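Undergrad: Sharing a structure with you now.
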Amino acid sequence: MTIESPLLLILLSFFLIFLFHYLLFLQRIFRGLSNLKHTDNQSIPHEFVSIIIPFRNEKENILANLKSIESQLYPVEKFEVIYVDDFSEDNSVELLKKNVRRNNVSVLSVPNDFSINAHKKRAVRYGIENAKGNIIVTTDADCVHDEEWLKSLMQSFDSVTGFVSGPVEFETDNSLFSEFQKLEFAGLVLCGAGLIGAGHPTICNAANIAYRKKVFDEVGGFNDQMNLSSGDDELLMQKIFRDSDFKVKFCIDKKTIVKTSANKTLSDFYQQRKRWASKGLFYNDKSLVLKLILIYSFYVGLISQLILGLFYHPFFLVSFFVSMLFKFIFEFRILFIGKQILFDDLRLKYFYIAEVFQIPYIIFTGLVGALGNYFWKSRKVKR
């Protein structure tokens, strides 16, 4: 088949469109990261703060989390901590209650009949309904925090800010698998940070977010999402950006980095990514859904070009390697600036290995995530 073949030209045109859209997306992230600035505000809000920590089966992590939370350098009279148990099957609750040392820390359990299908989201909502704070902070029970985490996160608030997203980082055991996860997860966090910096808030992580309760109520909270088991982070952030007059910020202060362990097994990694991917088709902004479909099509197109180049026409191999080259360059720029401004110990030497495995993993998890069910904390969840 010649290069002038209509079918070949049509296919190449589609692949070129997918590539161009993906590079524009990455350039927007890079520009957004460049726009992020450290806050000049050295004061904390006068409002009372409620930290809500949902948990389920966290006996291995809950005490380390509690220690980091109780060590916060923040006026104790200005915040409370509410741990919300989501039907743990281990002794997490007993461990927690036995080791609490601060009077501003409480432990609640979600009632049996409270928003049955929402799982983690119902735990957060139950915490909010029992919170006294005007500012809600959520984090996860398998995370640890710097002693200035809360103070630094709160300094991002001003009178026009309604939602603040903070950075999350994987801790590794120096294995290749955990290093890959750390690099890939850093890319996701930087993607969310860059899109916020570019004025297009899209993704964030519930392990490190804060928002005004009045804004949460103003946009209807989780009312239109309680049929979904996830989405207590980015779906809420998107609503606040879209339906309120308040700003969304990303906190670039390294003291606000929340750390959690990388997945220990491939199965855990698969279920986590499947859970994250399950939210995309439920974004209310359909133009955003279209953009995600185009990005997914770019990844499918990479594999398609490789196969077509091997079995159909060698010109597709040229287009494949050109696409991969641009992908490498644009994604490396994002991770490089991310290492400079946020993640000091990011090991970029694993970048090229991660790039190869990233393609089939995104295609596979994107597909199975769209189909629905996954396992989380020994529970089968229906989307």
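The values are calculated or read from the model by the stated rules, or taken from the named source; none is laboratory data. For clarity, every value in this text was computed on a predicted model and none was experimentally measured. A quick note on method: Cβ atoms are made from the backbone with ideal geometry, for glycine too, and the neighbour counts reach across all protein chains shown. These accessible areas exclude ligands, DNA and RNA; they are computed on the full protein's heavy atoms, side chains included. Shrake-Rupley method; radii C 1.70, N 1.55, O 1.52, S 1.80 Å.
Undergrad: Taking only complete DSSP H runs, can you tell me which helices of the chain stretch 18 Å or more along their own long axis by Cα positions and average at least 0.0 on the Kyte-Doolittle scale?
TA: 6-35, 176-197, 286-311, 315-341, 351-371
Undergrad: DSSP beta bridges in the chain, what fraction antiparallel, as a percent rounded to 5?
TA: 35
Undergrad: Sorted by packing (mean other beta-carbon atoms within 10 Å per residue), highest first, where do 164-170, 305-311 land?
TA: 164-170, 305-311
Undergrad: Rounded to the nearest 20 Debye, what is the dipole magnitude of the stretch 167-308 about its Cα centre when Lys and Arg each give +1 and Asp and Glu each give -1 at the C-beta?
TA: Roughly 140 debye for the stretch 167-308.
Undergrad: Using only DSSP helix segments of four residues or longer, with each worth -39500 (n - 2.57), what per-residue ellipticity at 222 nm results for the chain after dividing by its residue count and rounding to 500?
TA: -16000 deg cm²/dmol
Undergrad: Set the Förster radius R0 to 22 Å, insert the Cβ-Cβ distance between SER109 and GLU129 as r into 1/(1 + (r/R0)^6), and round the FRET efficiency to 0.05.
TA: So the FRET efficiency works out to roughly 0.95.
Undergrad: How large is the charge dipole for the chain, taken about the Cα centre, if only the Cβ atoms of Lys, Arg (+1) and Asp, Glu (-1) carry charge, to the nearest 20 debye?
TA: Here the size comes out at about 400 debye.
Undergrad: Now, a different point. Relative contact order of the chain, please, whole-number percent, based on alpha carbon pairs below 8 angstrom and at least 6 residues apart.
TA: Reported relative contact order: 21 percent.
Undergrad: Assuming 0.36 nm per residue, please report the length gained on full extension of the stretch LEU294 to LEU7 beyond their Cα-Cα distance.
TA: Stretched out fully, the LEU294 to LEU7 stretch lengthens by 101.3 nm.
Undergrad: Quick one: with all protein chains in place, what share of the accessible area of the chain is carbon or sulfur, to the nearest percent (1.4 Å probe)?
TA: Here it works out to 60 percent.
Undergrad: If you count only protein heavy atoms with a 1.4 Å probe, what accessible area per residue comes out for the stretch 127-254, rounded to a whole Å²?
TA: 31
Undergrad: Moving to a separate point now. Local charge sum around GLU148 (other residues, Cβ-Cβ under 9 Å, Lys/Arg +1, Asp/Glu -1)?
TA: -1
Undergrad: Hey, can you rank 342-352, 85-95 by average C-beta count inside 10 Å, highest first?
TA: So the order, starting with the most tightly packed, is 85-95, 342-352.
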